[in-house]
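Note sheet for the following structure.
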Amino acid sequence: MKLVIQPIMLDDKKALTGLLYLKSVLETGFGFDKQLTIVNNPITQLPTNLFDNIRNQYLSDQLLSWLQHTFQPTHNTKALAVCDFDAYFGKYNYCFGEAIIGGRVSAIYLKRLLPPGGTWDKKSLNLFQDRIVKEAIHEIGHTFGLRHCSHELCIMFKSKTISDTDKKNSEFCDSCLNSLTIYTQSPLK
């Protein structure tokens, strides 16, 4: 299976530094073909209809539809957009990420994953990278058909706050892992 990581960098190019690590984690964990896993060049401009001027945020569900239409991933391809902006969907004030459950496209939003204080020491960078990996695994898990899990340490637990993301593991619980093996040969353990 193929994985396409699509950076969408409208403001902050710093986020690009961790994408090769993210690629490696996702390839290994989900069994994506390393020869077919790619990190595309960043998109630096989006259609204006994806932005909500009143809320000053992007519409995540609209972005997913745009990704699906633009990239038209085949049945053996998953696409993950890594976005340096804030987004929301539905009745929520924001989201860390979103995916089409059982679909081919997902997105994570980096603005709310940033460490507090705006400092970029080693500890902050590690925290940021950990959050990115967790959110990416979570959203790609959705594309393989997984729903939210009630086990608060499982990667598929729904993060309502950033501390939920920090608290949970980057692995699937046994129940989610068993469900995931239906879809992929090499799930994260």
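Coordinate-derived values only; no laboratory data. All values derive from a computational prediction rather than experimental measurement. Counting neighbours? That spans all protein chains shown, and the Cβs are built from the backbone with ideal geometry, glycine included.
Brief remarks on what is shown
- The trypsin sites (Lys or Arg not before Pro) of segment 150-182 that meet both conditions, a loop assignment by DSSP and at most 10 other Cβ atoms within 10 Å of the site Cβ, are Lys160.
- Mean ellipticity per residue at 222 nm, deg cm²/dmol - from DSSP H runs of n ≥ 4 across the chain, formula -39500 (n - 2.57): -9500 deg cm²/dmol
- Matching label, Rg and Dmax of the Cα atoms in Å computed from the structure shown, candidates (i) 15.6, 48; (ii) 15.4, 44; (iii) 32.7, 103: (ii)
- Applying 1/(1 + (r/R0)^6) with r as the Cβ-Cβ distance of Ser163 and Gln35 and R0 = 41 angstrom yields a FRET efficiency of 0.60.
- Using the Karplus relation 6.51 cos²θ - 1.76 cosθ + 1.60 with θ = phi - 60°, the per-residue 3J(HN,Hα) values for segment 31-42 come to x, 5, 5, 4, 6, 9, 8, 10, 10, 6, 5, x Hz, with x marking Gly and Pro.
- Under 5 Å, built H, 5+ apart or other chain: amide partners of Asp52: Gln57, Tyr58, Leu59
- Couplings 3J(HN,Hα) of segment 56-69, computed from phi: 6, 9, 8, 8, 4, 5, 5, 5, 4, 4, 4, 4, 4, 5 Hz, in residue order, whole Hz [Karplus 6.51 cos²θ - 1.76 cosθ + 1.60, θ = phi - 60°; x for Gly and Pro].
- Rounded to 5, the percent of DSSP beta bridges in the chain classed as antiparallel: 20
- The Cβ shell under 10 Å around Lys78 holds other residues with a net charge of +1, Lys and Arg each +1, Asp and Glu each -1.
- Centre separation in Å (Cα based) which lies between segment 1-67 and segment 77-109: 9
- Normalised contact order of segment 93-189, rounded percent, pairs of Cα under 8 Å and 6 or more residues apart: 24
- Distance between the 7 Å Cα→Cβ label points at Leu20 and Arg147: 4.1 nm.
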